[in-house]
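Asker: Quick one: structure below, then a few questions.
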Amino acid sequence: MAVPSTAVASSRKKRGEGHTRREEILQAAKELFLEAGYDATTIRRIADRVGVSAPALYLYFHDKEAMMLALCDQTFGHLVEHVAFIEKTVSDPLDCVRQFGEAYARFGLEHPDEYRLVFMGNNMPESVRKVGHRMATDDPTRPGVGGAIVFSRLVAMLSRLEASGVKLNYPPDTCAELCWMGIHGVVAALIMKPDFPWSNRETLIKGMLDIVVKGLVR
């Protein structure tokens, strides 16, 4: 026999308060995705966590996948701001790539829950998992496109580096993947094992960037 929802039936926010409810839903979804995993989390559980009925939740998101994609774009949106600042303030192409790597690492370590959700589990909907960072970026409002936008900015940085006369060992998109993989390894290790006796965090970040850059550039 189905267990009745304990959510509050009244759910529509007053005029102007819809954004608040949307953020409450995203926060609840993020918590449950992290606690139980994306596949095991249901719309009913999210609605109960927020304190609304399941039908009320559909006023803001048409399904669970839409929530996950919104969380991904929310996470990447913060990173895009850091990348935009680097693009505006750093003229040297190689330094631009290095600063991208540092910004990525610091962002991940400052937002460990969001990082675990997006990069360290099976939380991504299958429709996005199959295209990943190669999703078309012509429509920046497309749900789930945030990660591809960030990746494309790194590829563009590496393309400018190559255009400046620096020889790359691999195509710019492959270099971008290698750069991400190297920095991701450091970030993931520090997040998963925060009490492990690692070397100095800053040294590890800069050291990995040294290794990555030396491997990308001839």
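Rule-based calculations on the coordinates, nothing more; no lab input. Because the structure is predicted, anything quoted here is derived from the model rather than measured. Note that we place each Cβ from the backbone using ideal geometry, even for glycine, and neighbour counts take in every protein chain shown.
Asker: Once phi is turned into θ = phi - 60°, what whole-Hz ³J(HN,Hα) does the Karplus curve with 6.51, -1.76 and 1.60 give for every residue of segment 149-164, x standing for Gly and Pro?
Answerer: 5, 4, 4, 5, 5, 5, 4, 5, 4, 5, 5, 5, 4, 5, 5, 6
Asker: Lysine pairs in the chain with alpha-carbon atoms under 29 Å apart, 8 or more places apart or on different chains: how many are there?
Answerer: Lysine pairs meeting the criterion: 17.
Asker: Shifting gears a bit: For Rg and Dmax of the Cα atoms in Å, the listed values are (i) 19.3, 60; (ii) 19.9, 69; (iii) 16.8, 53; which was obtained by calculation from the structure presented?
Answerer: The value matching this structure is (ii).
Asker: Here is a follow-up. By how many nm would the segment from SER91 to GLN74 lengthen if fully extended, with 0.36 nm per residue of separation less the alpha-carbon distance?
Answerer: Between SER91 and GLN74, full extension yields an extra 3.3 nm.
Asker: Name the long-range amide H neighbours of VAL52: under 5 Å, sequence gap of 5 or more, or other chain; modelled H, no Pro or chain starts.
Answerer: Here VAL8 satisfy the definition.
Asker: Mean-square fluctuation check for the chain, GNM, Cα pairs under 10 Å: which of LYS206, LYS64, LYS193 is largest?
Answerer: It is LYS193.
Asker: A further question on this structure: Between VAL217 and residues 5 or more places away or on another chain, which pairs have amide H atoms under 5 Å apart, with H built 1.01 Å from N, and which residues are they?
Answerer: Amide H to amide H, under 5 Å and 5 or more residues apart or across chains, VAL217 pairs with ASN169.
Asker: What are the ³J(HN,Hα) couplings of segment 63-74, residue after residue, when phi is run through the Karplus curve with 6.51, -1.76, 1.60 and θ = phi - 60°? Round to Hz, x for glycine and proline.
Answerer: Running phi through 6.51 cos²θ - 1.76 cosθ + 1.60 with θ = phi - 60° gives 6, 5, 4, 4, 5, 5, 5, 5, 5, 4, 5, 4 Hz.
Asker: Another question, if that's okay. Please state the equivalent ellipsoid semi-axes for segment 18-62: what are the square roots of 5 times the Cα gyration tensor eigenvalues, largest first, in whole Å?
Answerer: 16, 11, 8
Asker: Please build a GNM for the chain, connecting alpha carbons under 10 Å apart, and tell me which residue among SER53, SER199, SER159 fluctuates the most.
Answerer: Ranking SER53, SER199, SER159 by mean-square fluctuation puts SER199 first.
Asker: Mind putting a number on the dipole of the chain about its Cα centre? Charges go on the C-beta only, +1 for Lys and Arg and -1 for Asp and Glu, and I need it in Debye to the nearest 20.
Answerer: 260 debye
Asker: Which whole-Hz ³J(HN,Hα) couplings does segment 132-144 yield from phi under the Karplus relation 6.51 cos²θ - 1.76 cosθ + 1.60, θ = phi - 60°, glycine and proline marked x?
Answerer: In residue order, the calculated couplings are x, 6, 9, 4, 4, 10, 5, 10, x, 8, 5, x, x Hz.
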